[in-house]
Every structure is written in C-alpha cells, then in structure tokens.
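Mind looking over this structure? Questions follow.
The values are calculated or read from the model by the stated rules, or taken from the named source; none is laboratory data. Not measured: the values here are computed from a predicted model. Cβ placement follows ideal geometry from the backbone for every residue including glycine, while neighbour counts extend to all protein chains displayed.
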C-alpha cells in the first residue's frame with residue numbers, strides 16, 4: 001500500500017479541475033500563519049466558456065484540507081442534489097466574468113506544524129424551479145494552496161507596553 005500523500009509545496013498549486021464553462025480558483029493573502037491565527041481563503045469562480053452561465057448567488061463551496069501528516073479534514077456542509085432557486089437567488093456570469101467569496105478557516109484547533117494544503121469544492125445541485133432557465137450544476141475542485149503553519153511565538157511584555165511621556169527602559173534609569 002502506498003504511503004499517504006503529504007503536502008510539502010507552499011503557495012498555489014496548478015491542479016484545478018477544468019470544466020467547459022467554469023473554473024474555480026483558491027488563493028490566500030497569508031501563505032504563512034501561526035497556529036491560532038485565521039486563514040482567509042479567496043474562492044473565485046470564473047466563466048471560462050463562450051456562453052453565459054447561471055449560478056446561485058451564494059454557491060455551496062466546501063473547504064477541505066490535508067494536514068502535513070497526510071490526514072484529511074473539512075468543514076461539514078450539506079451538499080444538496082436538488083434545490084429550488086428563485087430568479088433573485090441566481091447570478092449570471094458572462095464569459096470571463098467572475099464572482100469571489102472570502103472564507104475564514106480558524107486554526108486554533110490545528111495541532112500540526114508544517115504545510116497544510118487547502119482546496120475548495122464547488123457543488124451545485126439541480127435547480128428544480130421551472131420559472132428559471134437552466135443553471136450550471138455539478139462538482140468542480142479548485143487548485144490546491146499550501147499554507148505553512150508555524151508555532152506561535154511568545155511575545156514579550158515590552159511588545160504590549162504603552163508609553164505615556166518619559167518612561168525608562170530600565171528600572172534604575
């Protein structure tokens with residue numbers, strides 16, 4: 001049996017699934033964080049096809065990750081196979097147009113240091129509303145993004161000192 005995959009690459013990895021109509025991309029502004037700090041992921045869904053695409057305004061995006069030791073984890077979300085979407089709940093993406101959403105991952109319960117690899121999964125069920133046109137449905141995985149998670153450094157009391165007026169740096173000064 002082969003050894004489990006263990007992430008080692010920091011930053012964006014170009015391994016996203018492709019669809020004839022859509023692309024989903026995952027990025028972050030903070031590729032290195034300390035355990036306990038939140039990671040803010042940016043999930044971008046772009047129309048890469050020649051035709052307009054209709055999507056839910058708030059599409060279901062599942063965030064999953066692989067810890068440095070190869071263990072998989074994710075946010076639990078209900079993935080519906082069918083949903084009834086009203087016209088005001090849909091957004092039209094013209095060719096090359098995109099929508100983005102920011103997702104926060106809290107890391108206070110992470111207990112492994114090293115590179116953790118994140119991915120986003122777009123899931124859209126069949127729209128059962130006959131009053132709307134066809135909407136995109138299916139599953140599509142984003143690229144992976146490796147974030148280095150480091151030990152939190154201990155701060156010195158001097159890091160928090162607020163000085164008003166003349167204050168000595170040493171007790172005898």
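Could you grab me the full set of residues in region 16-36 that are within 15 Å of the chain's Cα centre (by Cα) and either more than 16 Å from residue 149 (Cα to Cα) or touching a residue at least 40 places away in the same chain (Cβ under 8 Å) (or both)?
16, 23, 24, 25, 26, 27, 28, 30, 31, 32, 33, listed by residue number.
I've got another one for you. So residue 109 fits all but one of (1) in a loop (DSSP other than H, G, I, E, B); (2) farther than 29 Å from residue 2 by Cβ; (3) at pLDDT below 95; what number is the exception?
(2)
Name the residue, out of 132, 128, that is more than 27 Å from residue 11 (Cα to Cα) and touching a helix residue (DSSP H, G or I) at 6+ places or on another chain (Cβ under 6 Å).
132
Regarding region 32-48, can at least one residue be identified that is within 16 Å of residue 137 (Cβ to Cβ), touching a strand residue (DSSP E or B) at 6+ places or on another chain (Cβ under 9 Å) and modelled with pLDDT of 95 or more?
yes
I need a count of the residues in region 34-86 that are out of contact with any helix residue (DSSP H, G or I) (no Cβ under 9 Å at 6 or more places or on another chain) and part of a loop (DSSP other than H, G, I, E, B).
The number of residues fulfilling the criteria is 25.
Take the conditions exposed (fewer than 13 other Cβ atoms within 10 Å of the Cβ) and either closer than 18 Å to residue 45 by Cβ or free of Cβ contacts under 8 Å to residues at least 24 places away in the same chain (or both) and apply them to residue 130. Does it pass?
Against the criterion (exposed (fewer than 13 other Cβ atoms within 10 Å of the Cβ) and either closer than 18 Å to residue 45 by Cβ or free of Cβ contacts under 8 Å to residues at least 24 places away in the same chain (or both)), residue 130 qualifies.
May I pose another question? Out of 119, 102, report the one residue that is surrounded by 13 or more Cβ atoms within 10 Å (Cβ to Cβ), in a strand (DSSP E or B) and either in contact (Cβ under 8 Å) with a residue 12 or more places away in the chain or on the phi < 0 side of the Ramachandran plot (or both).
The conditions single out 119.
Hey, does region 91-99 have a residue that's within 17 Å of the chain's Cα centre (by Cα) and over 20 Å from residue 14 (Cβ atoms)?
Yes, some residue in region 91-99 is within 17 Å of the chain's Cα centre (by Cα) and over 20 Å from residue 14 (Cβ atoms).
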